[in-house]
Structure formats: structure tokens, C-alpha cells
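The values are calculated or read from the model by the stated rules, or taken from the named source; none is laboratory data. Predicted, not measured: the structure shown is a model, and the values here were computed from it. Here Cβ is always computed from backbone atoms with ideal geometry, including for glycine, and neighbour counts include all displayed protein chains. Remember, those area values only see protein heavy atoms, side chains included, never the ligands or the DNA or RNA. Shrake-Rupley method; radii C 1.70, N 1.55, O 1.52, S 1.80 Å.
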Amino acid sequence: MPNRKTLPYAIVALTETGKETALRLQKKLAKPAQVYTMPKLADETTLALDGSPVKAIAQLFTQVEVLICIMATGIVVRSIAPVVVDKAADPAVIVMDEKAQNVISLLSGHLGGANELTLHIAELLGANPVITTATDVQNVAALDTLAKSVNGWRTELRPLIKPFNSYLGRKETVYFYQEKDWVRDVRGLTVIHQDEVEEVLRSNHPFVFLTTQPQTIERKDLAVIYPKPYILGVGARKDVDPQVFREGFDLFCQQQGIDPSEISKIVSIDVKKNETAILALAKALDCPFETYTKEELAVVADKYPQSEFVKKTVGVGSVALASADVASNGQVLTERFAKDGCTYALARAIVTR
């Protein structure tokens, strides 16, 4: 069986017709997906389920990000019931009939992305999407979806999901303000201007507040979201002074019009994994620092301007841009910025829960 790091999608089908639908969907999905089926139906295109379908589905549930089941809804419910934990951790679960007439968002509709993927699969296969979450039925935004869309989900928001989504589902007033245009889907929200923020903060009205500045105020029905929509790709000469590296980063942020707090992750080549300046910046931003091998970067490096000196030194001619590309699945937003032997590039963060 796979794990979530190596195989985000699993498709399970129990019949021959279901298997055909699964393979058709596999070809259309943008992300890698493994198809599982009954041992008697397994061939070179699929993997056989390990044990009974109920136990195998339960095991897959704990190992993948998205579980697509082509079978009766009842089988899926009985299979996953013992292993369902929490909406912030459970994978998206989608159920389809074997002829792909209906696609049902069963679990983790918002945080896990099941609702969005249900709509996508329905479009790919010409099926009918079935989504039952109240906010979607009422055509309003949802707090968990909103936070996820800007990579701003955090556990402190969890107790607020139910009340806020209830307010929105009942079409009650929920005030909304964002410092930048991070969010476009504001259905059902009452958008306010900056000069109204303090008054709403002092009130008891439900308020969704997107900001880069730490907030210390605590009151009921206040949902503060800190957007982190960007990945920072970096390169640096060996043993560069941390202050020099930080000054280059700050200048880059000024040029791009972003706040340093909007960085969700820093990435570079693995030979820089112990570079003091990069580690210091990651610590200051309280974000992870991840690296890739030269082989991983070489796959995308040719898309960007090359430095022969860098290529001779680390084995690949683009570091900041290539690492940002790999980390974001190609969603690079800027050209390379270079200063004092340091390079920086910005990419769109992959949405996480």
C-alpha cells in the first residue's frame, strides 16, 4: 500500500465496469493516481486490494490524501467509519457509481478539497456532482475553504468552523476584511473597509479578518487568518553573512509588494541545507526550509536562465527559480532577483490544510 507522500490519490473499483471507469478517470486526472480492484480483476494497469474490500479501503483511507471509491456509498461508509478521525486530518473521500452518472463528495468537502474535486471529476466525466455541505447548497463561502485558499489554515480556527459556516448558511451577517486581495470568493460575506475594522473588532459581530500583522485581541466569533500564499526559492554563495542575506530578502519583498510573513516555505538545493543564512531566515519567518537534489532541479532548470558558475559549483545552473518551480508544481511568479551573491524567486504555495 502507498503512503501520502508518494501517492496522493487512490481509486478503488470493485467491478469490471467500475474498473473501466477508474482507468478512464486515472488518465484524465492531473495528479498521479493508483487504481485498486479485486484480485480477480487486477492486471498490469491496476493493483489488487489486500484482503477484504472493507479492510483494504480502511487502510487506504489512512495512507492517501484523496480516496475515490467507485461503488455503493454504504460500502464506503462501513469501511471508513472505524478510521475517521478529524476533518482537519481525514482525506477527501469521493464516491461514484460504476457508470459515472453521479459523483458524491462524502467526506472532507472543504479542508480536504472533496467538494472542489467532485466538481472537477464531474466535469471530466460528464457526471452529476452531488455536494451537500450547507455553505455550498446556500451558495456562500465557507470559513475552512476560505482559510485553505490562502494557505492560512491553522488548528486554532477549527472551533470556529461550525459556528461561522452556520451563520453563513443561514445568511446571517458575517463581516469580512482583508489587507490585500488574497480572496476573491466572498459570497455571503459582508465586506467592510479598513476604517471600519476597529469598530467591528470592538463589537460582537462575527468577523473574518485576513491580515499579516499578529493580532492579540480575543473575543467570540473572531476568525483571524494569516495568509501564507507564497514559496520562496533561494540560492546563496557559501557562508554568506545572514544579515546580507536578510537584507536581500527584504528588498525582494519590497519590490514584489509582499510581507515576509506571507512566505510559507523556503526551498533550495540540498548542498545548501546547512547554510547558516538560509536557516536563520527560515527561523525568523517560522517556516520550514526544504531542499532538492540537483537531479530533481535539473528536470525544470532549463526553463530558466542558467549560470555556468552555479552549474559548475552545484551541478545545476538555476537554483532559486528551479527549486521554487519544483516546490510549487511550476507555479513560479517572478523572475530571479540577485543581490550580493544571493538569489530569490517567488512561487505560489500549494494549498495545504
*Order the peptides 120-128, 27-35, 337-345, 231-239 from the highest to the lowest mean number of other Cβ atoms within 10 Å of their residues.*
231-239, 337-345, 120-128, 27-35
*Compute the semi-axes of the equivalent ellipsoid of region 87-127, taking the square root of 5 times each eigenvalue of the Cα gyration tensor, and list them largest first in whole Å.*
20, 10, 5
_Please check: in the Gaussian network model of the chain (C-alpha springs, under 10 Å), which one of E275, E98, E218 has the largest mean-square fluctuation._
E218
*Counting DSSP beta bridges with both partners in the chain, what percentage is antiparallel, nearest 5?*
30 percent
*All-pairs Cα distance distribution in region 186-229, expressed in whole percent, bin size 5 Å*: 5, 20, 33, 28, 12, 2
_Nearby lysines by direct alpha-carbon distance to K312 (threshold 27 angstrom, same-chain neighbours under 8 apart not counted)_ = K238, K265, K272, K273, K294, K303, K339
*All other residues with a Cβ under 14 Å from the Cβ of T276 taken together, and with Lys, Arg as +1 and Asp, Glu as -1, what is their net charge?*
+3
*On the protein heavy atoms, probe 1.4 angstrom, tell me the percent of accessible surface of the chain carried by carbon and sulfur.*
50 percent
_Inter-label distance, nm, simple model (7 Å from Cα along the C-beta direction), V351/K311_ = 3.8 nm
*asked:* Per residue, how much accessible surface does region 256-329 expose to a 1.4 Å probe? Answer in Å², no decimals.
replied: 49 Å²
*Would you mind computing Rg(Cα) / (2.2 N^0.38 Å) for the chain, counting N as its residues?*
1.12
*Using a Gaussian network model of the chain with C-alpha springs under 10 Å, which one of I161, I94, I68 is most mobile by mean-square fluctuation?*
I161
*Post the alpha-carbon centroid distance, region 292-353 to region 158-219, in whole angstrom.*
36 Å
*Averaged over all directions, how much area does the convex hull of the C-alpha atoms of region 115-171 cover when projected, in nm²?*
4.3 nm²
*What is the percent of Cα-Cα separations in region 1-121 that go past 20 Å?*
32 percent
*Once you have the Cα-Cα distance between D43 and I192, take 0.36 nm times their residue separation minus that, and quote the gain in nm to one decimal.*
47.9 nm
